[in-house]
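Just so you know, all these numbers are worked out from the coordinates, no wet-lab data involved. Computed from a predicted structure; not experimentally measured. Neighbour counts run over all protein chains shown; Cβ positions are idealised from the backbone, glycine included.
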Amino acid sequence: MPDLDLDQLYFAIIDGNAKAAAAVTKEAVAADVDPQTLLTDYMIPAMDEVGARFEANECFVPELLIAARAMKAGMEVIRPLLLGKAVEPAGRVVVATVQGDLHDIGKNLVATMLEGGGFQIVDIGTDVSPDKLADAVQSHQPQLVALSALLTTTLPSMKRMLDRLTQDGLRAGVKVMIGGAPVTQDFADEIGADGYSDNAAGAVNLARQLMGAAA
Ligand code: B12
């Protein structure tokens with residue numbers, strides 16, 4: 001096998017080349033590179049770079065979309081490998097991006113990492129209304145809810161979702177953790193969420209802590 005250049009994964013995502021992202025990821029996995037390394041050292045930094053370029057007006061929405069698609073193509077390859085071998089789920093988590101918000105890369109990463117940590121995931125998607133969240137909590141009876149928001153304009157949706165769980169008498173039965181770029185610990189405290197983390201690995205630790213608190 002020729003020398004494996006993992007930077008190709010980083011650049012494939014930045015260039016939005018989904019085929020190359022999947023191919024390099026497969027090669028890396030075949031060469032026994034740790035999938036966690038691929039994620040944290042190449043894939044996430046590539047999306048961070050695309051984000052920085054977008055913020056600097058050096059690229060635009062279509063480039064963001066194809067970069068996100070390339071990241072997903074790589075994620076598809078490592079996802080099964082990130083999954084833990086836990087027989088008993090560590091807990092059930094309903095995962096959602098809040099109403100008005102279509103950003104799902106962070107949510108999916110959090111879901112994948114939680115799944116890797118042995119949690120059972122019920123992913124109810126993006127642009128999730130308080131109604132839909134309440135229905136999911138009622139029907140799936142999770143111990144945890146994980147909410148993601150990437151827009152400052154959708155932060156209030158998080159509070160509405162918590163309020164809805166309280167109104168429906170569901171709030172006491174679940175721990176709610178929140179995250180996403182504009183979310184802070186102060187905001188989490190302000191709306192009465194049970195926890196906040198600024199990254200997907202931290203989300204797993206947080207989920208475990210909250211499960212401990214729930215026990
Ligand atoms: C990719 C992207 C898009 C893609 C989304 C593709 C997809 N399938 O998700 C597309 C092109 C669709 C898009 C659209 C828009 N976007 Co956009 N987007 C981004 C971008 C560049 C990267 C986001 C991302 O995926 N980051 C990578 C992931 C891994 O990071 P993350 O989501 O933060 O998640 C991590 C943590 O936050 C945490 N986390 C996340 N969720 C959770 C949940 C829990 C429970 C926990 C514990 C932790 C946690 O863990 C994750 C992993 O470490 C950001 C810029 C940026 N630098 O963030 C702008 C950004 C978020 N977008 C922005 C905007 C304005 C928009 C649009 C309004 C643009 C437009 N004019 O149409 C639309 C809105 C559409 C909508 N209604 O949602 C702004 C938001 C500004 C603001 N202050 O609100 C940003 C910040 C760019 C900017 N500076 O202008 N976007």
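Structure summary
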{"read-out": "Tilt relative to the chain, helix 105-116 - C-alpha long axis, 0 to 90 degrees, to 10", "value": "80 degrees"}
{"read-out": "Förster radius 35 Å - calculated FRET efficiency between Ala172 and Gln120 (Cβ-Cβ, nearest 0.05)", "value": "0.95"}
{"read-out": "Total lysine pairs whose alpha carbons fall under 18 Å of each other in the chain (8 or more apart, or interchain)", "value": "9"}
{"read-out": "Space enclosed by the convex hull of the alpha-carbon atoms of the chain, per residue, Å³", "value": "115 Å³"}
{"read-out": "Acute angle (nearest 10 degrees) that the helix 200-214 long axis makes with the longest principal axis of the chain, alpha-carbon atoms", "value": "30 degrees"}
{"read-out": "Principal-axis tilt of helix 155-167 within the chain, Cα atoms, nearest 10 degrees", "value": "40 degrees"}
{"read-out": "Spin-label pair Asp198/Ala181, simplified geometry with 7 Å Cα→Cβ offset, distance in nm", "value": "1.4 nm"}
{"read-out": "Computed lengthening from Arg208 to Glu76, 0.36 nm per intervening residue step minus Cα-Cα distance", "value": "45.0 nm"}
{"read-out": "Directionally averaged projected area (convex hull, Cα atoms, region 92-214), nm²", "value": "6.1 nm²"}
{"read-out": "Spatial extent of region 143-215: Rg and Dmax, with the Cα atoms as the point set, Å", "value": "11.6, 35"}
{"read-out": "Packing-based ranking, highest mean first, of 61-69, 122-130 given that Cβ atoms within 10 Å are counted", "value": "122-130, 61-69"}
{"read-out": "Per-pair calculated FRET efficiency, R0 = 22 Å: Leu65 and Thr152 via Cβ, rounded to 0.05", "value": "0.60"}
{"read-out": "Two-site label geometry, Asp32 and Leu6: point separation in nm, points 7 Å out along Cα→Cβ", "value": "1.5 nm"}
{"read-out": "Mean residue ellipticity (222 nm) of the chain, computed from DSSP H runs ≥ 4 via -39,500 (n - 2.57), nearest 500", "value": "-16500 deg cm²/dmol"}
{"read-out": "Cα-based Rg of region 54-154 normalised by 2.2 N^0.38 Å, two decimals", "value": "1.19"}
{"read-out": "Inter-site label distance for Ser129 and Glu58 at 7 Å from Cα along Cβ, in nm", "value": "4.2 nm"}
